[in-house]
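Below is one structure, written out as structure tokens; the observations come after it.
The values are calculated or read from the model by the stated rules, or taken from the named source; none is laboratory data. The shown structure was predicted, so the numbers you read here are calculated from the model rather than taken from an experiment. Here the Cβ is made from the backbone with ideal geometry for all residues, glycine too, and neighbour counts use every protein chain on show.
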Amino acid sequence: MILEQLEITTTTKKLEQLFFDSKSKVDIYKLVTEDLLIREKEELKISKDSTEIDTKYSVLRIITKYNLFTSFLAESETIDNFFLHSNEAKIRLLTSGCIFGNLNELKIDTLDNKNLISNDFVMLAPEDYDREFAFIQNNIDNLYWWRGCEMKIPNEAKITLGFNKLFFSIFIKAKETNDEIFIEESSWDITYLHNNENFVRGKNTIPSFGNITSNNAEARQKKVIINKEDIANNNSNKTDYLSVDIDILKALKDCDIVIQMPYQNPRVDALMKVKFENEKASEIILTCP
């Protein structure tokens, strides 16, 4: 295990140097993530609650990497097209990351066919980096490397993109029955709709697993709102970083999963400028993803 970690570290350092030399840019990803790791270690030295710190920095790492990723999408049309191209590409980019490139721009020698995504892209997962290092070296100017957003998403999930969404939503349905649950987060709460209490269980939410705002007995549907402030109060935990655990009482292989993620690509943003009469310069200049 220690040897494997050393090999991964060595390969990562080699890749960092390769991509830095090729693209001639500061590695913002590394700077940001290393800063978060340093801050987490410092807080762990003085905190009595390691779970709270772990939750806080898990949230910070995922959201920071995802926001950085949206900027990465704007870097080139190839990157954006790759993300939109396939479900496998989306999962890799949001989880453990990958190296990828447009097939038409690459020199292909002995690359394994499993790394080809249709006739458009080549994708290398982290476990391929060391084995395919020569291929990466030979194609470095036409390859892109994203190291992931640290999310965990099963390969069986289907990912869709919401152009007007700020938070994720998850739909899970049992394959053999009509049991299902829809989960959606907002700024102040998490709402879920389910039709069978034997299909889902909450671990650390408020009593009764939230406030039942509607109960359709005929359809056996319950709409539940979990207020984030109530979760904190219930756990005597006044932190801004909360964890909500939900158990699905069926195996992953027995469920269909659809996850909708916010898609915020700067390439489709507009720069808004507002000028006022008799003023030489614009008084308002802004854009929002």
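Is there a residue being in a helix (DSSP H, G or I) and of a type in the set (Lys, Arg) anywhere in segment 97-114? Yes; the residues of segment 97-114 include at least one that is in a helix (DSSP H, G or I) and of a type in the set (Lys, Arg).
Restricting attention to segment 144-169 and to residues that are out of contact with any helix residue (DSSP H, G or I) (no Cβ under 6 Å at 6 or more places or on another chain) and of a type in the set (A, V, I, L, M, F, W, C), the residue that is farthest from GLN264 (Cα to Cα) turns out to be ALA157.
With respect to the conditions (1) closer than 29 Å to THR78 by Cα; (2) more than 28 Å from the chain's Cα centre (by Cα), ASN278 falls short on a single one, namely (1). Spot the failing condition for SER86; the list is (1) among the hydroxyl-bearing types (Ser, Thr, Tyr); (2) modelled with pLDDT of 90 or more; (3) out of contact with any Pro (no Cβ under 8 Å at 6 or more places or on another chain); (4) within 23 Å of THR11 (Cα to Cα), and only one is missed. Here SER86 clears every test but (4).
Among residues that are assigned to a strand (DSSP E or B), charged (D, E, K, R) and either at pLDDT 90 or above or under 15 Å from the mean Cα position of the chain (by Cα) (or both), LYS165 is not included. For segment 218-274, a tally of residues being modelled with pLDDT of 90 or more, surrounded by fewer than 16 Cβ atoms within 10 Å (Cβ to Cβ) and not in a helix (DSSP H, G or I) returns 3. Remark: pairs (first residue in segment 89-110, of a type in the set (Ser, Thr, Tyr); second residue assigned to a helix (DSSP H, G or I); Cβ separation under 6 Å; 6+ apart in sequence or on different chains) = SER96/PRO126.
Out of all the residues in segment 160-194, which are of a type in the set (S, T, N, Q) and buried (at least 18 other Cβ atoms within 10 Å of the Cβ)? Matches in segment 160-194: SER169 only.
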